[in-house]
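Reviewing the structure listed below.
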Amino acid sequence: MQDALCRPFTSRDVKEALWNIDDDKAPGPDGFSSKFFKASWAIVGEDITKGVLDFFSSSKMLKQIKNTILTMVPTVDCAEEISQFRPIAYWEVNS
């Protein structure tokens with residue numbers, strides 16, 4: 001069982017992980033839902049798989065993917081509790 005936990009990820013693992021995301025969720029900074037990626041897998045699947053597997057083998061992520069600004073937006077006037085804020089993420093794309 002330990003060997004199975006330590007084995008390298010495969011392209012099948014990447015595809016299974018995507019298919020386990022609800023269709024109306026947006027997993028990345030591009031705003032496309034997982035339904036989009038599933039529907040266009042024949043076109044984008046190889047590139048997505050390569051990017052994910054490269055990350056797991058090198059532990060390096062593209063700057064365009066990891067630059068995020070998080071802003072807390074109040075949901076009520078004069079918010080005083082953390083539960084009265086909603087986080088908004090903004091992905092900054094650097095060339």
**OP:** Between beta-carbons, use under 14 Å as the cut-off and find the net charge around residue 72, counting Lys and Arg +1, Asp and Glu -1.
**Re:** -1
**OP:** Based on other C-beta atoms within 10 Å, arrange 70, 18 from fewest to most.
**Re:** 70, 18
**OP:** Would you calculate the volume per residue, in Å³, of the smallest convex hull containing every Cα atom of segment 1-60?
**Re:** 93
Subject >> Cut-off under 5 Å, modelled amide H: who pairs with residue 85 long-range >> reply: 75
Original post:
Once you charge only the Cβ atoms, +1 for Lys and Arg and -1 for Asp and Glu, what is the size of the charge dipole of segment 1-60 about its Cα centre, to the nearest 20 debye?
Top reply: 80
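Values in this text are rule-based calculations from the coordinates and carry no lab data. Given the structure is predicted, the values throughout are model-derived calculations rather than measurements. Ideal geometry is used to build each Cβ from the backbone, glycine not excepted, and the neighbour counts take in all protein chains shown.
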